[in-house]
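Participant: The structure's right below; bear with me while I get my questions together.
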Amino acid sequence: MNNDLREIWVYLSASPLAGLTMTLVAYQIGLWVFERFGRRPVLNPVLIAVLLLAGVLTASGIEYRTYFAGAQFVHFLLGPATVALAVPLYNQFRQVRQSALAMLVALLVGSAASSLSAVALAWIFGGSSATLRSMAPKSVTSPIAMGVSEQIGGLPSLTAVFVILTGIIAATFGTWALNLVRVTDWRARGFGMGVAAHGIGTARALQVNEVAGAFAGLGMGLNGLATALLLPTLYHLFW
């Protein structure tokens with residue numbers, strides 16, 4: 001009986017549907033925990049899902065490549081989900097237009113601070129040149145960050161890890177940090193989360209407030225555009 005169960009597991013674990021199923025189940029568990037315990041930022045569903053998946057893959061010995069063969073279907077949906085952020089943005093277009101100048105200043109300062117602080121921190125702790133370059137685009141969404149990292153001589157796979165960690169940390173502690181510095185305007189709170197924490201921060205902002213979610217989506221998109229255009233240019237000029 002045990003041999004039969006083992007053979008069934010080996011067959012299922014090699015199926016692309018296994019990775020997809022594990023991803024959806026892990027996120028649903030994370031979402032249940034998040035809702036069950038009062039939607040606390042520290043219980044971010046993405047963080048819980050990542051920890052669960054890491055544990056399952058480690059315990060079962062499934063290679064990441066095998067897992068991603070199924071999980072890539074969820075990865076594909078990142079594109080349509082990002083485009084769908086235009087809906088809340090359209091609903092808040094009047095406020096966006098009124099805040100254009102403030103957002104431009106915040107975008108330039110926030111984008112520069114995100115990259116420079118990451119590179120400075122890695123340099124202080126003795127990071128290699130490749131690590132510094134990999135960390136520079138860590139505050140933009142994964143596809144853009146990985147492309148920029150490759151252009152400036154970083155390691156795209158390492159950049160993807162930094163991007164996920166940045167999003168989880170910012171989504172977990174971003175609300176607390178904004179409360180600490182007494183930022184109460186939903187436009188500013190959302191835009192800051194989008195610039196600093198890309199898609200994960202935007203998802204968190206959408207859970208809290210519609211206006212914050214709209215501005216977070218805009219911040220994520222503009223920061224991705226600014227980083228893709230400016231970071232490779234600055235790298236080739238000064239590095």
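The values are calculated or read from the model by the stated rules, or taken from the named source; none is laboratory data. These figures come from a predicted structure and were not determined experimentally. Note that we place each Cβ from the backbone using ideal geometry, even for glycine, and neighbour counts take in every protein chain shown. In case anyone asks, the SASA skips ligands and DNA or RNA and just uses the protein heavy atoms, side chains included. Shrake-Rupley method; radii C 1.70, N 1.55, O 1.52, S 1.80 Å.
Participant: Helix by helix, which DSSP H runs in the chain go 27 Å or more along their axis at the Cα atoms and have an average Kyte-Doolittle hydropathy of 0.5 or more?
Facilitator: Details: long enough: 16-36 (30 Å, 0.90); 100-124 (35 Å, 2.07); 156-180 (34 Å, 1.58); 210-238 (40 Å, 1.19).
Correct list, ordered by number: 16-36, 100-124, 156-180, 210-238.
Participant: Right, next: Tell me, what % of the accessible area of the range 1-238 is carbon and sulfur with a 1.4 angstrom probe? Working shown, then result.
Facilitator: Values: 9780 of 13770 Å².
Reported share for carbon and sulfur atoms: 71 percent.
Participant: Quote the FRET efficiency, to the nearest 0.05, computed for Ala113 versus Leu17 with a Förster distance R0 of 41 Å and r equal to the Cβ-Cβ distance.
Facilitator: For Ala113 and Leu17, the calculated efficiency is 0.45.
Participant: Largest first, how would Glu150, Glu35 line up by accessible area (1.4 Å probe)?
Facilitator: On the way: Glu150 130, Glu35 90 Å².
Order by accessible area, largest first: Glu150, Glu35.
Participant: Tell me, in nm to one decimal, what length is gained between Val181 and Leu77 on full extension, where the rule is 0.36 nm per residue of separation less the Cα-Cα distance?
Facilitator: Details: separation 104, 0.36 × 104 = 37.44 nm, distance 3.51 nm.
Separation in residues times 0.36 nm, less the Cα-Cα distance, equals 33.9 nm.
Participant: Enter the accessible area of Phe76 (Å², nearest 10), with the probe set to 1.4 Å and all protein chains included.
Facilitator: Around 150 Å² of this residue is reachable by solvent.
Participant: Want the number for Glu210 to Ala59: 0.36 nm per residue separation, take away the alpha-carbon distance, what's left?
Facilitator: On the way: separation 151, 0.36 × 151 = 54.36 nm, distance 3.97 nm.
So the extension gain works out to 50.4 nm.
Participant: Any chance you could run the full-extension gain for Arg39 through Phe68? It's 0.36 nm times the residue separation minus the Cα-Cα distance, nm to one decimal. Show your work: numbers first, answer last.
Facilitator: Numbers: separation 29, 0.36 × 29 = 10.44 nm, distance 2.87 nm.
7.6 nm is the gain from fully extending Arg39 to Phe68.
Participant: For the chain, build the charge dipole from Cβ charges (+1 Lys, Arg; -1 Asp, Glu) around the Cα centre, then report which of Leu77, Ala214, Pro232 sits farthest towards its positive end.
Facilitator: After comparing all options, I get Ala214.
Participant: Identify the chymotrypsin sites (Phe, Trp or Tyr not before Pro) of the range 16-53 meeting these criteria: DSSP loop state and at most 15 other C-beta atoms within 10 Å of the C-beta. It would help to have the intermediate numbers written out before the result.
Facilitator: Numbers: sites: Tyr27, Trp32, Phe34, Phe37; in loops: Phe37.
Answer by residue number: Phe37.
Participant: Now for a different question. Taking K and R as +1 and D and E as -1, what net charge do the other residues with C-beta under 13 Å from the C-beta of Trp176 add up to?
Facilitator: Details: positive: Arg40, Arg182, Arg189, Arg204; negative: none.
Overall, the nearby charge balance is +4.
Participant: Given a Förster distance of 41 angstrom, what is the FRET efficiency for Leu51 paired with Thr233, based on the Cβ-Cβ distance and rounded to 0.05? Please list the in-between numbers first.
Facilitator: Values: r = 38 Å, r/R0 = 0.92.
About 0.65, to the nearest 0.05.
Participant: What is the magnitude of the charge dipole of the chain about its Cα centre, with +1 placed on the Cβ of each Lys and Arg, -1 on the Cβ of each Asp and Glu, and no other charges, expressed in debye to the nearest 20? Provide the component values of the computation, followed by the final result.
Facilitator: Values: 13 positive and 7 negative charges, 132 e Å.
Approximately 640 debye in magnitude.
Participant: In the chain, if the dipole is taken from +1 on Lys/Arg beta carbons and -1 on Asp/Glu beta carbons about the Cα centre, which of Gln151, Ser117, Ala136 is farthest to the positive end?
Facilitator: It is Ser117, whose Cα lies furthest towards the positive end.
Participant: Given a 1.4 Å probe, how much area per residue of the range 1-238 is accessible, in Å²? Numbers along the way, then the final one.
Facilitator: Details: 13770 Å² over 238 residues.
The answer is 58 Å² per residue.
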